[in-house]
Amino acid sequence: MNYQLDFTPVIDGFPDLLWGCLGTLGLALGGMVIAIIIGIGGVILRDSPIKPIRWLVMAFVELIRNTPFLVQIYFIFFALPLAGIFINPTVTAIIALGINGGAYAIEIIRGGVQSIHKGQIEAGKALGLHKGDIFRLIVLKPALRAIYPSLTSQFILLTLTTSIASAVSAYELTSVAQRIESDSFRSFEVYGTVTVLYFLMAWIMMQVFNLISNRYFSYPVK
Amino acid sequence: MNNANPSTSAEPMIVFRHVEKWYGSFKALTDINLEVRTGEKIVLCGPSGSGKSTLIRCINHLEPYQKGELLVEGLKVGEDPKIIDAVRREVGMVFQQFNLFPHMTVLENCILAPMRTRKTPREAAVATARRLLDRVKILDQADKYPAQLSGGQQQRVAIARALCMEPKAMLFDEPTSALDPEMVKEVLDTMISLAEEGMTMICVTHEMGFARQVADRVIFMAKGEIIEEAPPEQFFRNPQHKRTQQFLGEILSRH
């Protein structure tokens, strides 16, 4: 063990690594936004009065949750061009992350919605509110509060999963690291640094999630 | 309160005609016939599972019924969503478990429905809400969240919330059953003052003191049927049916 640490390539490439972090956060943010939309939309459709729509949502959730993300992102990246749809790797990655995160979000948010006492919905009905208003104004916030810890840890996972998007050469931290590593062969230094950067991003994100929670979900409950 | 009350008119506001309801194969309501006139105060009592909550929940269609017809102000409450909407705007409901929205302040709870369903402007909705919160003596808690209030306070807020829709009738579904004993009175006092102002009320309750004081008629139900119906003096002094006598014996010995 007389490996000589040499951080010079890491230091030289540090601005690139920081840009990579920004790319990662961009993918994660885009993925989360799509995941939240799919999650809430999916929960509404999951209880649609039309059976085929319910089945479609259930099939979507099962399909996504029982196949590897790497395969999903390859599928979107290579299959869509066959259908004549050409999108760049970064957009592909955001879509794939959103779809993957969305499937998990449907199940998580659904759990939250089911935790809402039916008296809440009856009170809304008795006040003359319509189904959509009841969901949006009465059910959604307490439901999101109930599952907030699970949803945010799913989103942290989504952020870390962005590293797989390097497989389709999306612009993010891992692909930047791979490039620096293959130019310098300083694997330990590069991936050691990247590990710390991912950890910091996840940690900062958790703090942001906590701030959001304090801002929006701080109402007292018994 | 009795039939001499000037706010009581001859015109029926709520009419049940041969209403029947099943939960699957279980018959929850059998041949319900009932007329409630504007301004009348009805107390519904009976053992648990007798269908009294189910009966009032049919009025605003929280429960659908399968046979007969139920009219509110001449409109048949059934599958027509427009009529259900109209009835729900005109008929307020207070629940055993309060069902306040935990993520909204007391004031927000009160202004939500008027703003969404009556399209009342915010300032007007707030003014109405503050007036009604004052009336149930809880205006000082307007900016608190439900979990910060006692059960009795929550139920008074729930009453104010229903009143904010300016309903023509109020349904009370065991409004004091979930309360600690020392809080029952504040809620009953609120209901009594509402009754004195002429509100049409149907109350499912075992508070027989309340029934004596405000009811025009007391209705006794068992096994989904109306067994007996009488003005309170007669109902308590001289119940006709054995089942009623037995029930009154049980419930009055507890108090």
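Odds and ends about this structure:
- When the protein assembly as shown is described by a simple charge dipole with +1 on each Lys and Arg Cβ and -1 on each Asp and Glu Cβ, the residue from B:Ala125, B:Phe95, B:Asn109 located farthest towards its positive end is B:Phe95.
- Student exercise, region A:1-156 dipole from Lys, Arg, Asp, Glu Cβ charges, in Debye to nearest 20: 960
- Across the protein chains, with a 1.4 Å probe defining accessible surface, the residues B:His206, B:His103 rank B:His206, B:His103 from largest area downward.
- Inter-probe distance in nm under a simple model that places probes 7 Å from Cα toward Cβ, at A:Arg54 and B:Arg17: 3.6
- Cβ-derived FRET efficiency at R0 60 Å, A:Arg136 paired with B:Lys242, nearest 0.05: 0.70
- Given charges at beta-carbon only (K, R positive; D, E negative), |dipole| of region B:51-208 in Debye: 480
- Solvent exposure, largest accessible area first (probe 1.4 Å, DNA, RNA and ligands not counted), of A:Val113, A:Val221, A:Val139: A:Val221, A:Val113, A:Val139
- 10 Å Cβ neighbours from other chains, averaged over peptide A:111-121: 2
- Heavy-atom accessible surface of chain A: percent carbon and sulfur, 1.4 Å: 70
- Inter-centroid distance (Cα atoms) of region A:11-66 relative to region B:204-247, Å: 59
- Equivalent-ellipsoid semi-axes of region B:44-122, from the Cα gyration tensor, Å, largest first: 26, 19, 9
- Summed over the residues of the protein assembly as shown and divided among them, the accessible surface reaches 48 Å² per residue at a probe radius of 1.4 Å.
- Reach of B:Lys242 by Cα under 16 Å, taken over aspartates and glutamates that are not fewer than 8 positions away in the same chain: B:Glu225, B:Glu228, B:Glu229, B:Glu250
- Where GluC sites (Glu not before Pro) fall in DSSP loop in region B:66-128, at most 11 other Cβ within 10 Å: B:Glu79
- Area accessible to solvent at A:Ser187, 1.4 Å probe radius, in Å²: 50
- Potential lengthening between A:Lys118 and A:Ala83 on full extension [0.36 nm per residue; Cα-Cα distance subtracted]: 8.1 nm
- Within the listed set A:Ile164, A:Ile36, A:Ile138, the Gaussian network model of chain A (springs between alpha-carbon atoms below 10 Å) gives the highest mean-square fluctuation for A:Ile138.
- Across peptide B:98-109, the average count of Cβ atoms from other chains found within 10 Å of a residue's Cβ is 5.
- At R0 = 51 Å, FRET efficiency that the Cβ-Cβ distance of A:Thr67 and B:Glu197 yields, to 0.05: 0.20
- DSSP beta bridge pairing in the protein assembly as shown, given as percent antiparallel to the nearest 5: 55
- Fraction of alpha-carbon pairs over 29 Å apart in chain B - percent: 29
- Taking trypsin sites (Lys or Arg not before Pro) in DSSP loop conformation with at most 13 other Cβ atoms inside 10 Å as exposed sites, chain B has its longest uninterrupted site-free stretch at B:120-253.
- Excluding ligands, DNA and RNA and using a 1.4 Å probe, chains A and B jointly bury around 2100 Å² of accessible surface, summed across both partners.
- Loop-located GluC sites (Glu not before Pro) in region B:132-215 whose Cβ has at most 16 other Cβ within 10 Å (DSSP): B:Glu197
- Options A:Val194, A:Phe209, A:Leu22, ranked by Cα towards positive dipole end of region A:12-217, top entry (Cβ charges): A:Phe209
- Counting only the Cα atoms, region A:84-222 fills a convex hull of 138 Å³ per residue.
- The count of lysine pairs in region B:110-223 that are at least 8 places apart or cross chains, and whose C-alpha atoms lie under 29 Å apart, stands at 8.
- Beta bridges by DSSP in chain B, antiparallel share as percent, to the nearest 5: 55
The values are calculated or read from the model by the stated rules, or taken from the named source; none is laboratory data. Everything quoted here is computed from the prediction, not taken from an experiment. As a convention, Cβ positions derive from the backbone with ideal geometry for all residues, glycine included, and neighbour counts pool all protein chains shown. Side chains are part of the model used for accessible areas, which takes the heavy atoms of the whole protein and leaves out ligands, DNA and RNA. Shrake-Rupley method; radii C 1.70, N 1.55, O 1.52, S 1.80 Å.
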